[in-house]
Amino acid sequence: MSVREVLQILPARRSRDGDGVLIQRVVGQQAHDLDPFLMVDEIRSDDQADYVGGFPAHPHRGIETLTYMLSGGFVHQDNLGHRAELSNGGAQWMSAGRGIIHSEMPLIHQGLLHGFQLWINLPAAQKMKNPEYRQATARELPQLKLASGGLARAVAGQWTLEGRMSGSPLSGMAAGARALDLQLPAAAQLSLDLPAADTVLAYVYQGVLLAGLPIQKGQLARFGKGEQVTLTAGADGVRLLLLAGTPLAEPIAQHGPFVMNTEAEIRQAIADYRNGTLTVTH
């Protein structure tokens, strides 16, 4: 069985989004480096000034988002009528399809706000579908104890770990995208069999991951092709998000919150937003 090797290590870079929210963002050096993923954002701060502005109402078209909170949370509201609090181990999936307008405003509290948002590209055939939204609490996301004493939580999609199936209620995402929150103690090792054609990424948010090369906190590893990925924790253990999905290999045109296949489609999305028809469903 062929083992995947690390092809690329990408650093998270400090950025601001929404109303001045401080984030650490990973994007590919080339448009298709992370395909079907478009970017990985981490927000981590115990200073309210870094996130109090939140993400006021804004549009999307052509993507899906997966948001996962470890500590603290946000209130999600959208034009479909959803209003939900996402906090402390919960996750939400939003498929923008042809158009959605939503806001994500922080639950103001004392202490750490820590979570992630992934952007996943929709295939061309699904970019103009009707939008959808689903959410799962921490209790609803299955967690497995590993033989090493580590823990694995299926945030999105279906996973097989040490011969056991673990599936999140947030399944059926675009391009088979899935996410696993993985915690391994010092020097522990875990091997996973994954479809050979899938993109596989690992974002380290605590400790060091050893996968042929050391991947430090705040770095994302992109693995090459193969049937198996082997992850080994460093001397102080590791916590990471493991991501997998089927590459779309389609043209990408992006303007802010709109991700389509052509510049003409981007111009149409902007026009639809300006004239109030972005969110008209069929």
222 nm mean residue ellipticity, helices alone, for the chain (DSSP H n ≥ 4; -39,500 (n - 2.57); rounded to 500): -1500 deg cm²/dmol
Global size of the range 95-192 as Cα Rg and Dmax, reported in angstrom: 16.3, 46
Average Cα contact separation per residue, the range 11-275, under 8 Å, 6 or more apart, as relative contact order %: 17 percent
Prolate/oblate/rounded label for the range 29-70 (Cα gyration tensor, a/c 1.5): prolate
Backbone N under 12 Å from the D193 label point (7 Å along Cα→Cβ), restricted to the range 201-217: none
For the range 72-95 and the range 155-204, distance of Cα centres in Å: 23 Å
FRET efficiency, A49 to E227 (Cβ-Cβ, R0 51 Å, nearest 0.05): 0.65
Debye, to nearest 20: dipole size of the range 11-275, +1 on Lys, Arg Cβ, -1 on Asp, Glu Cβ: 100 debye
Contour minus Cα-Cα distance for A147 and S15 (0.36 nm per residue): 43.7 nm
Residue exposure sequence - V6, V204, V155 - by fewest surrounding Cβ within 10 Å: V6, V204, V155
Angle between the chain longest axis and helix 263-275 axis [Cα atoms, degrees, rounded to 10]: 60 degrees
Relative contact order, percent, the range 174-282 [alpha-carbon distance under 8 Å, six or more residues apart]: 31 percent
Förster radius 25 Å - calculated FRET efficiency between Q206 and I108 (Cβ-Cβ, nearest 0.05): 0.50
Label-point separation, R139 to L7 (7 Å along Cα→Cβ), nm: 4.2 nm
Cα-based equivalent ellipsoid of the range 11-275: semi-axis lengths in Å, sorted from largest, via gyration tensor: 29, 22, 17
Reach of K127 by Cα under 29 Å, taken over lysines that are not fewer than 8 positions away in the same chain: K225
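Every read-out reported here was derived from the displayed coordinates using simple, explicitly stated rules and does not represent laboratory data. Source: prediction; values computed, not measured. FYI the Cβ positions are ideal-geometry reconstructions off the backbone, even for glycines, and counts take in every protein chain you see.
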